[in-house]
1. Can you name the residue in segment A:1-22 that is of a type in the set (Val, Ile, Thr) and under 23 Å from B:Lys142 (Cβ atoms) and, of all such residues, is surrounded by the fewest Cβ atoms within 10 Å (Cβ to Cβ)?
2. For segment B:27-83, which positions are facing chain A (nearest Cβ under 9 Å) and among the small types (Gly, Ala, Ser)?
3. Say we look at segment A:60-81 and pick out the residues that are farther than 22 Å from A:Val171 by Cα and within 18 Å of the chain's Cα centre (by Cα); which of these is modelled with the lowest pLDDT?
4. When you check B:Val6 against the structure, is it free of Cβ contacts under 8 Å to residues at least 24 places away in the same chain and of a type outside the set (Phe, Trp, Tyr), yes or no?
5. Can you give me the number of residues within segment A:87-102 that are more than 12 Å from chain B (Cβ to nearest Cβ) and modelled with pLDDT of 90 or more?
6. If I go through segment B:105-143 residue by residue, how many of them are out of contact with any His (no Cβ under 9 Å at 6 or more places or on another chain), part of a helix (DSSP H, G or I) and not aromatic (Phe, Trp, Tyr)?
7. Could you list all residues from segment A:57-78 that are within 11 Å of chain B (Cβ to nearest Cβ) and touching a Gly at 6+ places or on another chain (Cβ under 9 Å)?
8. Just to confirm my filter: which helices (runs of 4 or more DSSP H) fall fully inside segment B:16-91 and include at least 3 residues that are in contact (Cβ under 8 Å) with a residue 60 or more places away in the chain?
Amino acid sequence: MGKIWLLILLSSVGTLLFANPSAAVAAMVKGSHDAVRLAMELVALYAFWLGFFSVLERTGIANRLAKILRPAVRFLFPGSGADTQKFITLNMSANILGLGNASTPMAVRAVNSMSGDGGRASLNMIMLVVISSTSLQLLPSTVIGMRATHGSVNPSDFLIPCMIATALSTVLGITMVKLSGLFRRRKKRSKTADAPPLTPNGRAAKANSSPLPPQPRTSARAKAANSSPLPPQPRTSATASGDGRRKSGGGL
Amino acid sequence: MSAYIVPAVFIGVLLTSLFKKQDAYGAFIDGSGSAIKLMTGVFPYLLTVMTAVEVFRQSGVSGVVADFLSPAMRIFGIPKELTELILLRPLSGAGALSVLQNVFTTYGADTYIGRCASVVYGSSETVFYLSTIYFSQSDVKKLGPAVPIALTATFLGSVAGCALCRVL
């Protein structure tokens, strides 16, 4: 992103330097102005939707929604904690309803509740970005409204191609993320084969043994694997067990 | 029809809170209070991206780049009039919306180009913006293949959408 930003600024300001130097700063300041105005609008929208989602959480509807969508979320975001799954569910529901601005704060919270791969985005984070980007939604209401104001006879005439395009890009995106996950795992495996084998194994063993009473731990994990949400385990241990599983899988 | 969905969901949620004797008022206050904090994290990214996009458009460089890319777009069956839209869509929602408006006034909303533009806008998202905002509060700085994958997927979706607009 940083490079693209630099490229855009350099080429644009460079062009304006020769074409119309007085417009350069004016254009950039206008962009900043627009950003402030948009931010004000977005604060209002975020406040409203975060308030609404908070009611959803308090009433337990969020959890029920998460339970309904769990198979899909589990497939797309393996090893994610219960909180993360809930935020992702809310994000996906908002996206599907066409409430893009409502889905953003939930995505931010979902990312915050995931553990990164040491400053690098984990596969689940990448999946979240890709799924939100392909914008799976039932009604692109902005476009419909704009078509109507521009005198379209049938404002929703583009919906069928649009939906097919969205579905296709979503499937393609998911496939590519899953493939890159396979690639990443293989890379990790070859790396661990090169490195002294003690490090990954030692770390994995530590992650596995850290909660002291091992009996309930394994049963909790078995329960998580069999039935459902990583239950009331504290989140840190849930992610640690996820990491441990991934790392030991890579070591084997 | 769609106008009813969100208000109906809203009423349903409020009734549930009443039924379950949960304090919806307090919950709403708790939730909305976190919006300012969220925005203070997001705002610098928002401003940085939008400043660059505005000068990109006003300098005419985006138009030049679009002209340069349009032969390549033709290979994928995308009308050359939509290149600028495809270029700006991942960068800025507002910028892309004004291009879409332009397409509608120039070519009409019901023409092939107008419908293609609708599909392109409707089936993709502001990928760059979204990916920066999502990570604005976490310590993750390297996004890996997230943006390339998202861009490729939405672009291929747009290609398919434009092809479908011919037959559907």
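1. Among those that are of a type in the set (Val, Ile, Thr) and under 23 Å from B:Lys142 (Cβ atoms), it is A:Ile4.
2. B:Ala27, B:Gly31, B:Ser32, B:Gly33, B:Ser34, B:Ala35, B:Gly41, B:Ala52, B:Ser59, B:Gly60, B:Ser62
3. A:Leu65
4. yes
5. 1
6. Total satisfying the criteria: 14.
7. Across segment A:57-78, the qualifying residues are A:Glu57, A:Arg58, A:Ile61.
8. B:24-58
The values are calculated or read from the model by the stated rules, or taken from the named source; none is laboratory data. Just so it is clear, the model here is predicted, and its values are computed rather than measured. Here Cβ is always computed from backbone atoms with ideal geometry, including for glycine, and neighbour counts include all displayed protein chains.
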